[in-house]
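Novice: Here it is: the structure, laid out below.
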Amino acid sequence: IRNYDDFVNALLDAGFSMGGGNSEGIYAVVPWSWKEPPPYDTPVWWHTGDPETDPWEWRIRVVEERRDIAYAKLFFRKGGYITRRWYPYFLAARRPGGRSLMEEYLDGRVSHFARRVYEVIAEHEPIPLHEIKYLGGLSREDASRFDAALVELQAKMFVTICGQQRKVSQKGEAYGWSSTVFCTVERFFGPEILEEAAELDRDEAFEEIKRQIHRLNPGADPKKVRKFILG
């Protein structure tokens, strides 16, 4: 991997990947982090700000420029990628039958706070992080629960990252650091993604992903494989 295009092509071939330079014993297109040198000669390096060679920039660039790769906190509560081809399989494994958030909530599989955050996102999507907090009436005391809810919604594949946006002043001028923008999965990929997932058998989807993991990493630990697939 020497640039952004190499990364995208490798990711489309693999179907999914950990982000952040940490494979967690599963698989990562860019397996080294900013703390360690690459295992081969490459200009790719973290936190340089170069959109062609900085993997930190790629996570936002890929979701703003494409609609066939998703990035969110999908695996082990950490960032990762899933391509459009493989997304229905993960959805089928994590949300069998295309279950809605309300169905999962009523069955006790989604927290009350996550439901609250989801409703704000679904009503105002796409919406930056700072506006979710504002429209949701969240205080500083809610910070830890809010962060946990947002990770929960990403891992259960109800919402996903779809870009970044700076705050805008009353004069219409952008200011401050960029804030992550979120939207529902069906807005990002289209509602048909849920229909495709609903047609897949959960166990068959799980096995299909597992086979692909073993193709990428024959030595992957079974317990980690299961956690990787189910979130």
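Novice: Computed FRET efficiency, Cβ-Cβ of residue 211 and residue 78, R0 25 Å: what is it to the nearest 0.05?
Specialist: On the way: r = 23 Å, r/R0 = 0.92.
It comes to 0.60.
Novice: Within the chain, which complete DSSP H helices have Cα atoms spanning at least 20 Å along the helix axis and a mean Kyte-Doolittle hydropathy of 0.5 or higher?
Specialist: Details: long enough: 202-216 (21 Å, -1.38).
Length and hydropathy pass: none found.
Novice: Let me ask another. State log₁₀ I(q)/I(0) for the chain at q = 0.15 Å⁻¹ as given by the Debye formula over alpha-carbon point scatterers of equal weight, solvent excluded.
Specialist: Each listed q corresponds, in turn, to -1.06.
Novice: Please list 46, 58 from largest to smallest accessible area, probe radius 1.4 Å, with all protein chains kept in place. Provide the component values of the computation, followed by the final result.
Specialist: Working: 46 20, 58 0 Å².
Heavy-atom accessible area, descending, gives 46, 58.
Novice: Students often get this wrong: which residues of the range 69-96 have the backbone nitrogen under 19 Å from the point 7 angstrom along Cα-to-C-beta of residue 204?
Specialist: 85-96
Novice: Let me ask another. Can you tell me the relative contact order of the chain? Whole percent, Cα pairs under 8 Å, sequence separation 6 or more.
Specialist: It comes to 23 percent, rounded to a whole number.
Novice: Turning to a different aspect of this structure: Residues of the range 107-134 with amide nitrogen under 14 Å from the 7 Å Cα-to-Cβ point of residue 167?
Specialist: 128-134
Novice: Could you bin all the Cα-Cα distances of the range 13-66 into 5 Å bins starting at 0 and give me the percent of pairs in each, rounded to whole numbers?
Specialist: 4, 20, 27, 29, 16, 4
Novice: Could you identify which residue out of 108, 79, 163 has the top mean-square fluctuation in a GNM of the chain using Cα springs shorter than 10 Å?
Specialist: Answer for the Gaussian network model of the chain: 108.
Novice: Please sort 88-95, 24-31 by packing, taking for each peptide the average over its residues of neighbouring beta carbons within 10 angstrom, highest first. Walk me through the intermediate numbers first.
Specialist: On the way: 88-95: 23.4, 24-31: 20.0.
Ranked by mean Cβ neighbours within 10 Å, highest first: 88-95, 24-31.
Novice: Which value, in Å³ per residue, describes the convex hull spanned by the Cα atoms of the range 115-200? All intermediate terms of the calculation are to be shown ahead of the outcome.
Specialist: On the way: hull volume 8.9 nm³, N = 86.
Value for the range 115-200: 104 Å³ per residue.
The values are calculated or read from the model by the stated rules, or taken from the named source; none is laboratory data. From a predicted model like this one, the values you see are computed outputs, not experimental measurements. All Cβ positions, even for glycine, are placed from backbone atoms using ideal geometry, and neighbour counts span all protein chains on display. Heavy atoms of the whole protein, side chains included, go into the accessibility calculation; ligands, DNA and RNA do not. Shrake-Rupley method; radii C 1.70, N 1.55, O 1.52, S 1.80 Å.
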